[in-house]
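What follows is a short report on a single structure.
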Amino acid sequence: MKSASLMVVLGSALILVGTANAQTGKTPEGAALAQKHGFFNCHAVDTKKVGPPLKEAAATLKSKSNAEAAAAIKSAKSHASLKASDADLQAVNTWMQSGFARAAGM
């Protein structure tokens, strides 16, 4: 149950970030921010690690605004130590919603 909640929250946040980046043209920045903030320590794009796949999280967050997605990601108990700003979480969401474009050098 915790994994499902975490996935929903993370997915929401990533979707929000993905939407923001799509609007600014900086979608690959979301991938770099996800890496910087340790998203890939627990999540993979397509497969389950400790947490659910980011694609599942993105689908969960798809109908939320970037602000709602950032709030959902931050509110997950498993993300209690997450230090990412709302702007960074929104960028990650925007990246997720854009189909996981890769940043240069990644």
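Rule-based calculations on the coordinates, nothing more; no lab input. The structure displayed is predicted, hence computed values, not measured ones. Cβ sites come from the backbone with ideal geometry, for glycine too, and all protein chains shown count toward neighbours.
The overall shape of the range 60-106 is oblate: from the C-alpha gyration tensor, with semi-axes ordered a ≥ b ≥ c, the ratio a/c is 1.5 or greater and a/b is no larger than b/c.
Sorted ascending by nearby beta carbons within 10 Å, beginning with the fewest, His37, His43, His79 become His37, His79, His43. Residues Leu54, Leu82, Leu89 in ascending order of nearby Cβ atoms (within 10 Å, fewest first): Leu82, Leu54, Leu89.
Look at Leu61, Leu33 and count the other Cβ atoms within 10 Å of each Cβ; fewest to most, that gives Leu33, Leu61. A cut-off under 13 angstrom between Cβ atoms defines the neighbours of Lys55, and their net charge, with Lys, Arg +1 and Asp, Glu -1, is +1.
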